[in-house]
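S.K.: The structure under discussion is supplied below as structure tokens; questions concerning it will follow.
The values are calculated or read from the model by the stated rules, or taken from the named source; none is laboratory data. Please read all numbers here as calculations on a predicted model, not as lab measurements. Reconstructed Cβ throughout: ideal geometry from the backbone, glycine too, with neighbour counts over all protein chains shown.
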Amino acid sequence: MKLGVLCSGGKDSLYACFLAMQKEEVACLITLFPENPESYMFHTPNLHMVPLQAEAAGLPLVSVRTEGIEEKELSDLTRALESAVNDHEIEGVVTGALMSVYQSSRIQRICHALGLWCFNPLWYTDPARYMENLRVSGFRVVISGVFSEPFDESWLGRELDGDATMLLSEYAQHYGITLTGEGGEYETLVLDAPFFRKKIAIQESEKKYCNFRGVLNVKRASLEEK
């Protein structure tokens, strides 16, 4: 079965892509670029990095602009999936949804209307096991945004390694954040994955941070040999 993967550039969507590749053919990545930074449906930090990730993975990218307005985003997503069907003959869609019923139910509804299968391979997976699997599978992930107490500026650009995961686990216990960031407490950017032919190197970036909220804006990056 040919699948299209909804890709934000973060760990969840690209790990879901990795799992899908083990069973089916991933024909393309699909990304919506919202003009609204407060998009209801779609991750926004460093989305401009997704084309580089697609190149690193050797996969075509279907991209569509969206105003990021609630519900209108759904028609834009429909348009993106229709393009993936027409251009890459996909039969199903893969998402990185972990627990968001809001997000997954809307995507499933659109897939049903288009006659597409919808797969959520990470749905309600055990958070600790997922974070460990992500690390040992060979993913290199950095924190690209923080949006909750107790994250300080030092987290921006920090690699999501074993030490960081252990600290996140402590935050989950003491501050009530979700270990995976599913609650929007932090966002991630994937720089390398097992299925990437090349890895991404960040040459220039800028941190913007204030009152437990901040983003790492990647200004310049390139592909390097592994």
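S.K.: Considering every residue within segment 134-153, establish whether at least one is farther than 30 Å from S205 by Cα and loosely packed, with under 14 Cβ neighbours inside 10 Å.
M.R.: The answer is no, given that none of the residues of segment 134-153 is farther than 30 Å from S205 by Cα and loosely packed, with under 14 Cβ neighbours inside 10 Å.
S.K.: Right, something else. What are the residues in segment 166-182 that are touching a Phe, Trp or Tyr at 6+ places or on another chain (Cβ under 7 Å) and either among the hydroxyl-bearing types (S, T, Y) or in a helix (DSSP H, G or I) (or both), if any? Outline the logic, then answer.
M.R.: In the first step, residues of segment 166-182 are kept if they are touching a Phe, Trp or Tyr at 6+ places or on another chain (Cβ under 7 Å); the result is 177, 180.
T180, the sole residue that qualifies.
S.K.: Do any residues in segment 3-22 that are over 15 Å from L59 (Cβ atoms) have Cβ atoms under 6 Å from those of residues that are among the hydroxyl-bearing types (S, T, Y), where the two are at least six apart or on different chains, and which pairs are they?
M.R.: Cβ pairs passing all conditions: G10/T188; K11/T188.
S.K.: Additional query: Hey, does segment 144-165 have a residue that's at pLDDT 95 or above, among the polar types (S, T, N, Q) and part of a helix (DSSP H, G or I)?
M.R.: Checked segment 144-165: at least one residue is at pLDDT 95 or above, among the polar types (S, T, N, Q) and part of a helix (DSSP H, G or I).
S.K.: Okay, moving on. Determine whether segment 185-193 contains at least one residue that is outside any strand (DSSP E or B) and under 19 Å from the mean Cα position of the chain (by Cα).
M.R.: So in segment 185-193, the residues outside any strand (DSSP E or B) come out as 185, 193.
Now restrict to residues that are under 19 Å from the mean Cα position of the chain (by Cα): 185, 193.
Checking segment 185-193: at least one residue is outside any strand (DSSP E or B) and under 19 Å from the mean Cα position of the chain (by Cα).
S.K.: I would also like to ask the following. Among helices (runs of 4 or more DSSP H) lying entirely in segment 20-118, which contain 1 or more residues that are at pLDDT below 95 and buried (at least 18 other Cβ atoms within 10 Å of the Cβ)? Lay out the reasoning, then the answer.
M.R.: Working: elements: 50-57, 72-88, 101-114.
Here the list reads 72-88, 101-114.
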